[in-house]
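Every read-out reported here was derived from the displayed coordinates using simple, explicitly stated rules and does not represent laboratory data. Not measured: the values here are computed from a predicted model. Using ideal geometry, Cβ is built from the backbone for each residue, glycine included, and neighbour counts are taken over all protein chains shown.
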Amino acid sequence: MTFIDENNLHAILENTAKPPASAVAGILEKGRRLEGLSPEEAFLLINTADQDAGKAIVETASYIKNAIYGDRLVFFAPFYLSNYCVNDCDYCGFHASNKSPRKKLTMDEIREQVGFLIDMGHKRLLLELGEDPDNNSIDYLLEAIDAIYSVKSGKGEIRRVNVNIAATTVGNYKLLKSKGIGTYQLFQETYHRETYEAIHKGPKSSYERQLYAMNNAFEAGIDDVGLGALFGLYDWRFEVLALIAHARFLANTFGVGPHTISVPRFRPASTVEMLPTHPVSDDDFLKLIAILRIAVPYTGMIITTRERPEIREITFRTGITQASAASSTAPGGFGKKHSKESQQFELADKRSLDEIAVSVMNQGFTPSFCTACYRKSRTGNAFMDLAKPGDIKEFCQPNSILTLMEYLEDNASLESRTIGLDMIKKSLSEIDNAIIRKRTEERLERIKHGERDLYF
């Protein structure tokens with residue numbers, strides 16, 4: 001038995017009755033109180049087809065996102081170290097039966113790639129690599145993290161490394177914790193056991209190993225973890241309910257819910273023959289993001305460059321708080337040409353970081369490169385105590401302004417700088433606390449005179 005009770009989740013999904021408007025309104029009111037939702041409550045929102053209710057769901061999600069995180073949107077870059085992998089997963093370009101040449105970055109190549117990323121303006125990375133005990137050992141990963149943190153370029157550096165690696169042991173998670181990682185991220189891919197076991201071959205085929213990886217991470221002292229499902233592998237409604245159940249399990253067991261939830265949709269890869277058996281439409285995708293935001297209000301929600309720019313821009317209003325930008329899914333893919341066969345999947349948003357920054361500022365969002373919470377020990381329970389009532393915005397708002405100013409000073413185009421300075425002026429005026437606003441203004445001046453890495 002696991003905390004994912006498939007019989008119960010399927011029983012919930014079998015209820016085809018349309019919920020009355022009063023029930024939907026009551027759930028949305030609960031959502032606005034930042035109380036979250038049970039799987040049963042979330043399904044009532046999933047099951048409503050009323051247009052007015054649909055608009056109310058989106059409005060509620062937008063309200064919750066703004067109440068907790070404000071208008072800031074955090075940017076990061078995925079950084080692929082190696083595409084060696086012993087697993088043969090049907091949906092992944094790194095699958096073991098892919099006979100294309102493999103690539104594993106040397107420490108010199110890692111430092112070179114990190115230089116490219118810093119020069120773009122990135123401050124936080126998400127490390128990615130296939131599962132291969134020989135080629136991608138824990139020692140290799142630990143050395144790579146040291147190499148990343150060692151790089152300085154101009155006035156920039158990577159300030160936080162988050163990690164997405166295969167499920168591992170408590171001992172290995174302790175080693176990662178000792179290197180100063182931020183969030184440990186691992187997707188269940190699909191919570192439907194039969195589907196999971198059918199599409200995975202190799203060590204990753206263990207459903208339980210994947211499902212309980214976060215327990216090992218918490219035991220090792222990693223208190224910020226990120227969940228996710230690959231939408232398209234199974235019924236998206238089931239996956240949403242299961243993600244909510246997983247979040248509630250972590251909160252009840254460890255006192256800390258997921259720091260992030262990611263919502264990737266299936267994307268093709270040149271060496272992958274599989275097609276999604278349960279494709280998710282744009283409308284359903286936007287709906288599931290809004291419902292997850294309401295159901296798990298405190299969590300950071302991540303969208304990647306798997307999605308088209310126009311879809312990403314809508315999601316920024318309905319729940320997403322973090323986004324990858326200027327991505328590559330091939331090891332060594334920044335600043336250099338690479339083959340399609342070396343990619344994990346194809347990208348849909350290929351814009352530069354600066355182009356994306358301009359776009360989101362034109363939408364009214366503040367690009368943020370903040371890593372302050374990790375370095376001020378606002379993680380785990382400390383973060384949840386601030387995020388759940390919406391108090392984390394007191395830090396997010398000024399820190400996003402400060403990191404945006406760094407970006408404008410060091411990396412931005414003329415267009416981005418012009419828009420960004422106006423954005424900073426607007427965002428400053430929206431800081432209610434006069435003391436925090438004054439201190440932010442003082443730190444902005446210090447940044448203009450060459451200081452960096454100032455934060456609350």
Could you give the nm distance between label points at ALA67 and VAL170, where each point is 7 Å from its Cα heading toward the beta carbon? 3.8 nm
Give the cysteines in the chain for which no other Cys Cβ lies under 4.7 Å away, or write none if there are none. CYS85, CYS370, CYS373, CYS396
The extension gain from GLU35 to ALA49, computed as 0.36 nm times the residue separation minus the Cα-Cα distance, is 2.7 nm
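How far, in nm, would the chain grow between ALA348 and LEU414 when pulled straight, counting 0.36 nm per residue and subtracting the alpha carbon separation?
21.2 nm
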Which loop-located trypsin sites (Lys or Arg not before Pro) does the stretch 25-76 contain, where loop means any DSSP state but H, G, I, E or B and the Cβ has at most 16 other Cβ atoms within 10 Å? ARG33
Find, among the trypsin sites (Lys or Arg not before Pro) in the stretch 292-353, those assigned to loop by DSSP (not H, G, I, E, B) with at most 11 other beta-carbon atoms within 10 angstrom. LYS337
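Hey, with R₀ at 51 Å, roughly what FRET efficiency would MET107 and ASP283 work out to, going by the Cβ-Cβ distance, to 0.05?
Details: r = 46 Å, r/R0 = 0.90.
Efficiency computed from Cβ-Cβ geometry: 0.65.
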How far, in nm, would the chain grow between GLU430 and SER22 when pulled straight, counting 0.36 nm per residue and subtracting the alpha carbon separation? 143.4 nm
The chain - charge dipole about Cα centre, Lys and Arg +1 at Cβ, Asp and Glu -1, debye rounded to 20: 1040 debye
Quick calc, ARG308 & LEU421: beta-carbon distance into FRET formula, R0 22 Å, rounding 0.05, result 0.15
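Just for the chain, what percent of DSSP beta bridges are antiparallel, to the closest 5? Let's see the in-between values first.
Values: 3 of 32 bridges.
Restricted to the chain, the bridges split so that about 10 percent are antiparallel.
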